[in-house]
Amino acid sequence: MYGRYGNDQLGNALLILYLVLAVLHLLTRWHILSVFLLADAVWMLFRCFSRNIPARRRENEAFLRIWRKITGFFTLTYNRLRDCRTHVYHKCPHCRATLRLPRRRGEHTVRCPRCGDSFSMKVHFGKE
Ligand SMILES: [Zn+2]
């Protein structure tokens with residue numbers, strides 16, 4: 001394996017996708033799935049034995065950026081539901097950072113801890 005790229009997070013994701021597709025293929029017998037299985041296996045092996053290491057690293061970094069966005073969305077949604085009685089989540093209009101603020105009814109001036117800008121917002125439900 002000297003000089004070859006080997007495995008990374010995208011490789012692991014392709015392997016998990018392969019296993020999921022294989023089980024689905026066994027259960028459903030859909031022929032179209034065998035095309036995806038072959039494509040997934042070819043891509044996985046190509047990446048593993050590739051000598052173009054910088055290109056494979058870039059692919060992995062692009063994959064990780066997308067993966068973090070997906071997991072970040074689910075984490076934020078879970079936290080919003082968990083805290084919906086006590087906190088509000090609001091985006092800073094200047095830097096787009098998501099802020100977690102105590103839920104108090106009325107109009108408030110908020111200072112963003114990331115960019116330092118202030119903005120006003122209304123909370124419609126909650127304690128006075
Ligand atoms: Zn901000």
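What follows is calculated from the coordinates using simple rules that are stated; it is not laboratory data. Predicted, not measured: the structure shown is a model, and the values here were computed from it. Note: ideal-geometry Cβ built from the backbone for every residue, glycine included; neighbour counts use all protein chains shown.
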Farthest positive-ward along the chain dipole, Cα basis, beta-carbon charges - from Leu76, Leu64, His94 = His94
Taking chymotrypsin sites (Phe, Trp or Tyr not before Pro) as candidate sites, keep only those in a DSSP loop with at most 14 other Cβ atoms within 10 Å, then name the longest stretch of the chain containing none of them.
-> 31-124
Under 12 Å Cα to Cα from Lys122, which aspartates and glutamates show up? Leave out anything in the same chain fewer than 8 places away.
-> Glu107
Can you give the extra length, in nm with one decimal, that the chain gains between Leu24 and Phe36 once fully stretched, where that is 0.36 nm per residue apart less the Cα-Cα distance?
-> 3.2 nm
Scattering profile of the stretch 34-84 at q = 0.15, 0.28 Å⁻¹ [log10 I(q)/I(0), Debye over alpha-carbon scatterers] = -0.62, -0.99
Helix 9-28 sits off the longest principal axis of the Cα atoms of the chain, rounded to the nearest 10 on a 0 to 90 degree scale, by 70
In the chain, which Cys residues have no partner Cys with a Cβ closer than 4.7 Å?
-> Cys48, Cys84
What aspartates and glutamates could a cross-link reach from Lys91, if we take a straight Cα to Cα line under 14 Å and drop same-chain neighbours fewer than 8 places away?
-> Asp117
Taking only C-alpha positions in the stretch 86-128, Rg and Dmax in angstrom work out to 10.1, 29
Vicinal HN-Hα couplings computed from phi for the stretch 62-73 (Karplus, 6.51 cos²θ - 1.76 cosθ + 1.60; Hz; Gly/Pro x) | 4, 4, 5, 4, 5, 4, 5, 5, 5, 5, x, 4
Rounded to the nearest 20 debye, dipole of the chain from Cβ charges on Lys, Arg, Asp, Glu | 480
Between Tyr89 and Phe63, Cβ-based FRET efficiency (R0 30 Å, step 0.05) works out to 0.65
Viscosity 0.692 mPa s, 37 °C: Kirkwood-radius Stokes-Einstein D of the stretch 1-70 over Cα pairs, µm²/s | 252
How large is the charge dipole for the stretch 86-128, taken about the Cα centre, if only the Cβ atoms of Lys, Arg (+1) and Asp, Glu (-1) carry charge, to the nearest 20 debye?
-> 140
With point charges of +1 on the Cβ of Lys and Arg and -1 on the Cβ of Asp and Glu, referenced to the Cα centre of the chain, which listed residue (Leu27, Gly116, Gln9) lies farthest in the positive direction of the dipole?
-> Gly116
Mind listing the long-range amide H neighbours of His87? Cut-off is under 5 Å, sequence gap 5 or more, other chains count too, H placed in the peptide plane at 1.01 Å from N.
-> Arg103
Using alpha carbons only, how many degrees (0 to 90, rounded to 10) separate the axis of helix 32-49 from the longest principal axis of the chain?
-> 90
At R0 = 22 Å, FRET efficiency that the Cβ-Cβ distance of Ile16 and Thr98 yields, to 0.05 = 0.15
Would you mind computing Rg(Cα) / (2.2 N^0.38 Å) for the stretch 3-125, counting N as its residues?
-> 1.63
